[in-house]
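Structure first, commentary second.
No value in this document is a laboratory result; all are computed from the given coordinates. Bear in mind that the values here come from a model prediction, so they are computed numbers and not experimental data. Methodologically, a virtual Cβ is constructed for each residue, glycine included, from the backbone with ideal geometry; neighbour enumeration extends over all protein chains shown.
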């Protein structure tokens, strides 16, 4: 993870863990490995990074530049996104990977509405393997709306007041999920994919950026025993969310509890990054996977599909080959596209 204004090695490590969870879950171990938790970690991280950067800018300038914010998002997100989408479409049209694509599904994916198309459309008609774009849709909707909301709140409330508003918002999203599941018998697709039911996973990261931000605020330091007790509680919450399989719980309270648990884990991964419990997040290989994790997330289903088809296997060797293809392609994208787009943004939009 590298962002203008600050760099924290352990967050690259957490990003790597998130994408590895997603990859292994999609590679055939979803019944064991919590790939969905990896997505929730990505959401939390996005909310924290974006809001921290906006808070830094606002405290320096008493304003934020909407144009610069959206240009940063365009340079960062769109090139890999559309290159991968285009590649998968070409592979599908060439018959290299099977598909039943239709133009309306592709338009929904291209214009960041994959999540609602999956809910109200037909999964079979999307670009094959790119249902993962649903989470990018949630993030894009957040990026579209949150800067304006941030400015409106910042002008009237301090950052702690804004944190209180976000707590209330997260509670409303939870109540909305409860109503949909228990009052409307909404299917799992509705609550898992939709922006209106998953955006609180991002907002929990925003909350940490505004209240007890480990980058900007005084650090909590009440002793090793207190920190370990808090982390044990957070780990217990996550373990409970993974083991308790009731469908109604999983589509309502689970996301809220995960957001609460991730708060101290992220906080201490940043402030206690030299502890044995977290120091491994700074390992070079994990940090590199974290740096290339965006394209890794986008391309890994395609790599898995190709490997399964042409190796005619779903075993460990096929998974290793799929992972190698994923990381190799992601590294090329990072060095040939992402880094150059970042440099171009810096030159043109200081």
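So for 103, 134, 283, fewest C-beta neighbours within 10 Å to most, what's the order?
103, 283, 134
So what is the orientation-averaged projected area of the range 246-350, using the convex hull of its C-alpha atoms, in nm²?
Spelled out: convex hull of the Cα atoms, projected over all directions, averaged, 10.9 nm².
State the three equivalent ellipsoid semi-axes of the range 23-96, derived from the C-alpha gyration tensor as the square roots of 5 times its eigenvalues, in descending order and whole Å.
33, 22, 5
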- Item | Per-residue Cβ neighbour rank within 10 angstrom, fewest leading, 59, 139 | 59, 139
- Message: For a protection proxy built on the mean count of beta-carbon atoms within 10 angstrom, sort 11-20, 333-342, 89-98 highest first, please.
- Response: 11-20, 333-342, 89-98
- Note on the structure: With Rg from the Cα atoms and Rh as the Kirkwood inverse mean 1/r over Cα pairs, the range 129-174 has an Rg/Rh of 1.12
- Message: I need the peptides 320-331, 24-35 ranked by packing, meaning the mean over residues of other C-beta atoms within 10 angstrom, with the highest value on top.
- Response: 320-331, 24-35
- Query: Using bins 10 angstrom wide from zero, how does P(r) for the range 67-132 break down, in % of all Cα pairs?
  - Reply: 21, 48, 25, 6, 0
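How would you rank 268, 69, going from fewest to most other Cβ atoms within 10 Å of each one's own Cβ?
69, 268
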- Taking the chain, how much of its Cα-Cα pair set, in percent, is spaced more than 33 angstrom apart? 27 percent
